[in-house]
Each structure stands twice: as structure tokens, then as C-alpha cells.
Amino acid sequence: MREHKNVRERTGEEQHEEYYTTYKYEFLIFKLGKETHSYTTTTTYTYLCVSDITDSLRNYVMECAGKIENAFESTISQKEMKRRLLSTVKQNFDTGSENYDASLFILIVERFVNKIEFPIIKIETEEAVSNIASSFSGEIRNSSDKDSLRRAYSSALEKFYNILIKELEKNIISFKKGLEEIQESIQTELLKDVNSEFNEISAKFENKEREIEKYKSYISALENELKIINVY
């Protein structure tokens, strides 16, 4: 923000037309043939341009917003995240199983990673710009007016700085929450097929247990019958 606080003054030039008088004939106290001549002089001055101030204010907010957005994007590489997730899948799933479908897992990972939404920072600046533009206009040359404009500009910068900090804090929380939700969703989705297969195996096992119990009952009944007829 410091570099934006240093408002550069411009240098302007003004031309002034000056006049002088000559006479064609001069004798003692008598002067005849009066002629008036003109010439131009140039003076320089310094000033603050109000449009420079308002442009600088907009640029400051846009620049800071862009840096915040880039900071979020630089923390996560979607390409790297996909690679790591697929690597984890390969390490934890039986890739030799007939139920393992690499294309399905790739599709699941890509779908969820692409759901990551990076923050877009939008800060309204026009009200602050209008406040400055309504109080100052054109070239500000007077020292007192320059100081007043600088104070108004500095105050606006401070205001937007605080707004940007709050936006950053808010987006950190929401971005983290979004990542956690995606993480939970992708875990659920990746484990869905595994759970389905597990349930299928469990169901088959339960059926086998019931069949075994049925055979046990049959064998027990058969043994009782055999005892009655003295086969045992």
C-alpha cells in the first residue's frame, strides 16, 4: 500500500501574454507613433490530477484482489492433486481385481477436483471514487487543497485495505470448508464401490452361514432318526 500512497505530482505549463509600448518618434517630452507589442512567457507549476488519484485507487483494489486470488490458486495445483489422489487409489485398491476400473476412478477424481472453486474477489470502488471526484476536480494546485486530496485518498486506501483483509479472512474460511466438503465427497464416492463389493461379499457369506445352519439342522435331525432305528 505504501507505493500507492506516494501520489506523483504532475508538472504543467502556462503561457502568459505580455505587452510593451514603443514610439516611432520621440523628441524630448514628445512621443509620436505609439505602437503596442506583445510577447509570450511560459511558467511552470506542479499539481495533483484528480483522475490520477481515482485511477490509482481503482488499481490498488484490483491489484490487491488479483494477488489474493493468485495466492489461493498457487496453494493448490489441480493437476498435482489429481496425480496424488490417483496415486493413493492405486496404492490402496487392488488394481488386479476384475472390479477395479481405472477409468472410473480417474473420472471420479477429475470430477471432484474440477469442483474446486477459487475465490473471486469483488470490491465496489465507485462510491469512494465518486466521493473524491465530487470534492475535487481537474488540477489541484493549491498546497492546502493538495493536502486535503492526499488525506482523502489515504483514508480511502485504508478503508479498502481493511475491506480486503476481511475478504481474505472470509474466503480462507469458505475455501477451506469447500475443500473439506470435496474431500468428504470424493472419499464417499471412491469408497462406494468398495462398500458395494463388501456388502455383496457379506451377503454371500450370510447366505452361506444360513445354508450351513440348515445342513447342521438336517444332520442333527438325521442323527436323531438314525439313533431311533438303532443305526447309531
If you take the square roots of the eigenvalues of the alpha-carbon gyration tensor of the stretch 2-46 and sort them as a ≥ b ≥ c, do you get rounded (a/c under 1.5), prolate (a/b over b/c) or oblate? prolate
Restrict the search to the stretch 1-64; then list the trypsin sites (Lys or Arg not before Pro) that DSSP places in a loop and that have at most 12 other Cβ atoms within 10 Å of their Cβ. Arg8
Okay, which of the stretch 139-168 sit inside 18 Å, backbone N to the point 7 Å along the Cα-Cβ direction of Val7? 139-161
Only residues of the stretch 32-60 count here: report those whose backbone N is under 14 Å from the spot 7 Å along Cα→Cβ of Thr21, or say none. 32-38
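For the pairs Lys122/Lys146; Lys82/Lys166; Lys115/Lys159; Lys82/Lys176; Lys146/Lys166; Lys115/Lys170, flag any whose C-alpha to C-alpha distance is greater than 26 Å.
Check vs 26 Å cut-off fails for Lys122/Lys146; Lys82/Lys166; Lys115/Lys159; Lys146/Lys166.
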Tally Lys/Arg at +1 and Asp/Glu at -1 over every other residue whose Cβ is under 12 Å from the Cβ of Asn114; what's the total? +2
For each of Tyr25, Tyr47, count neighbouring Cβ atoms within 10 Å of the residue's Cβ, then give the residues from fewest to most. Tyr25, Tyr47
Place a +1 charge on the Cβ of each Lys and Arg in the stretch 2-46 and a -1 charge on the Cβ of each Asp and Glu, then give the dipole magnitude about the Cα centre in debye, rounded to the nearest 20. 140 debye
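Read-outs throughout are calculated quantities, based only on the coordinates presented, and are distinct from any laboratory measurement. Treat the numbers as computed from the prediction; the structure is a model and nothing was measured. In this analysis, Cβ positions are derived from the backbone assuming ideal geometry, glycine residues included, and neighbour counts consider all displayed protein chains.
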